[in-house]
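K.L.:
Submitted below is the structure of interest, expressed as structure tokens.
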Amino acid sequence: MASLSVNFAGVLFQNPIVLASGIMGITGSSLLRVARAGVGGVTTKSIWLTAHEGHKNPVMVGTPHYFINAVGVPDAGIQKAKEEITFYKKHTNVPLIANIIASSEIDYGLITEAISELKPDLIEVNISCPNIEDELGKPLACSRIKAYEVTQICKSKTHIPVIVKMSPNVEDYVGIAQSCQDAGADGLCCFNTFGPGMMIDLESRMPILANKVGGVSGPGIKPLVLKMVNDIYKAVSIPIIGTGGVLTGKDALEMMVCGATLVGVGTMVYYYDIQGFETMYQEMKEWLETHNIQNITEIIGTLQR
Ligand SMILES: Cc1cc2nc3c(=O)[nH]c(=O)nc-3n(C[C@H](O)[C@H](O)[C@H](O)COP(=O)(O)O)c2cc1C
């Protein structure tokens, strides 16, 4: 029997599949449904200190090849998150990653302190959302200095391991990953959505999303993410959650071969619903057994050159 368990920044995950932020992650009960569907861990939707409105509908569109969203990070704020996380933790021990967001460095510190009281297993700091540029400007994850500063602030406010969520939309992604590590990050989530991009309704000649632009996810981004995860893996020593375009167990194993310790999975739910998690798990287990690999950690970063 192959073991699929992995240790990420001191937290044990029964398997490397983790629900990515923003998908089924608002309520404790939907997180619990995913936890019971066979994942190794779950991530909450991004949590703000106070309520934050999202964008107007339509906010998402799926195609066979990719998905685009401009949800705009709506959230009811930390008080509501407290109820949901408390509910989740009462019903399961499946590790929970609390994803946080803020509009200033000071607020990143405050939300880190507030979320730490709820004792999530890990804190993921979202500094890379590409579809709220109108409101917040260029994501902090696009600058080495800003990414360093936010990481340092969050680290100084908590004893819980901190993961920084990276942007793929910048040439210097390796340097930015290194500066998060230098600032004390315990792990990286690579990546948030690509873009922003646009989808057009030809008849009306208008963008389909009310926000006009949105972040691109799903199968079309996988080759880009595999390459970029591998570039970062070669340049840092902290563990990586490889996230982007993973739909199957084999996709997840490819991500691990490129250097991911955990694999984030979001848009897959649009194509296969939550049963897709169990299918992925079974595929991974079968592949390991067919290849006589006892422990999944043996494949991390084993890309041949
Ligand atoms: C509808 C939707 C909402 C998302 N919301 C968030 C969010 O609140 N916070 C965040 O850090 N990432 C968010 N993401 C990004 C995902 O967590 C993930 O990084 C990205 O979609 C790539 O993975 P995937 O191709 O498996 O979906 C969202 C993605 C989608 C599709």
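K.L.:
Please give the contour-minus-distance gain from E135 to R33: 0.36 nm per residue of separation, less the Cα-Cα distance, rounded to one decimal in nm.
P.N.:
33.4 nm
K.L.:
How many percent of DSSP beta bridges within the chain run antiparallel, rounded to 5?
P.N.:
Given both bridge residues lie in the chain, the antiparallel proportion sits at roughly 40 percent.
K.L.:
Round to the nearest 0.05 the FRET efficiency obtained for D107 and L303 when R0 = 51 Å and r is the Cβ-Cβ distance.
P.N.:
Plugging the Cβ-Cβ distance into 1/(1 + (r/R0)^6) gives 0.85.
K.L.:
I'd like to know which of G109, I163, I145 lies farthest towards the positive end of the charge dipole of segment 82-169, counting +1 on Cβ of Lys and Arg and -1 on Cβ of Asp and Glu.
P.N.:
The one lying farthest along the dipole's positive direction is I163.
K.L.:
Same structure, new question: Let a ≥ b ≥ c be the square roots of the eigenvalues of the Cα gyration tensor of segment 250-305; is it rounded (a/c under 1.5), or, if not, prolate (a/b larger than b/c) or oblate?
P.N.:
Since a/c reaches 1.5 but b/c is at least a/b, the shape of segment 250-305 is classed as oblate.
K.L.:
How about K89: which aspartates and glutamates have a C-alpha closer than 18 Å to its C-alpha, ignoring those fewer than 8 places off in the same chain?
P.N.:
Partners found: E117, D121, E124.
K.L.:
If I model a spin label as a point 7 Å beyond the Cα along the Cα-Cβ vector, how far apart are those points for K212 and M1 in nm?
P.N.:
About 5.6 nm separates the two model spin labels.
K.L.:
Segment 69-166: Rg/Rh from Cα coordinates, Kirkwood Rh?
P.N.:
0.97
K.L.:
For segment 6-299, with only Lys/Arg (+1) and Asp/Glu (-1) charged at the beta-carbon, what is the dipole magnitude about the Cα centre, in debye rounded to 20?
P.N.:
240
K.L.:
Something else about it: How would the chain be classified by its alpha-carbon gyration tensor: rounded, prolate or oblate, with rounded meaning a/c under 1.5 and the a/b versus b/c comparison settling the rest?
P.N.:
rounded
K.L.:
So, one more: Compute the distance from the alpha-carbon center of segment 88-115 to that of segment 193-216, in whole Å.
P.N.:
Between the Cα centres of segment 88-115 and segment 193-216 lies a distance of 30 Å.
K.L.:
Taking 30 Å as R0, compute the FRET efficiency from the Cβ-Cβ separation of N295 and A76 and round it to 0.05.
P.N.:
Rounded to the nearest 0.05, the efficiency is 0.15.
K.L.:
Filter the cross-link list K80/K165; K82/K250; K119/K222; K80/K285; K80/K250; K119/K234 down to pairs whose alpha-carbon distance in this structure exceeds 29 Å.
P.N.:
K82/K250; K119/K222; K80/K285; K80/K250; K119/K234
K.L.:
Once the piece of chain linking L12 and Q282 is laid out straight, how much longer is it, given 0.36 nm per residue of separation minus the C-alpha distance between them? Intermediate results must be reported in sequence, preceding the final value.
P.N.:
On the way: separation 270, 0.36 × 270 = 97.20 nm, distance 1.95 nm.
So the extension gain works out to 95.3 nm.
K.L.:
Rounding to the nearest 20 debye, state how big the charge dipole of segment 151-305 is about its Cα centre with +1 on each Lys and Arg Cβ and -1 on each Asp and Glu Cβ.
P.N.:
With Lys and Arg at +1 and Asp and Glu at -1, about 400 debye.
Quick note: the coordinates plus some simple rules give every number you see, no bench work behind them. Fair warning: this is a prediction, and the values are worked out from it, not measured in the lab. Don't worry about glycine lacking a Cβ; one is built from the backbone with ideal geometry, like all the others, and counts go over all protein chains shown.
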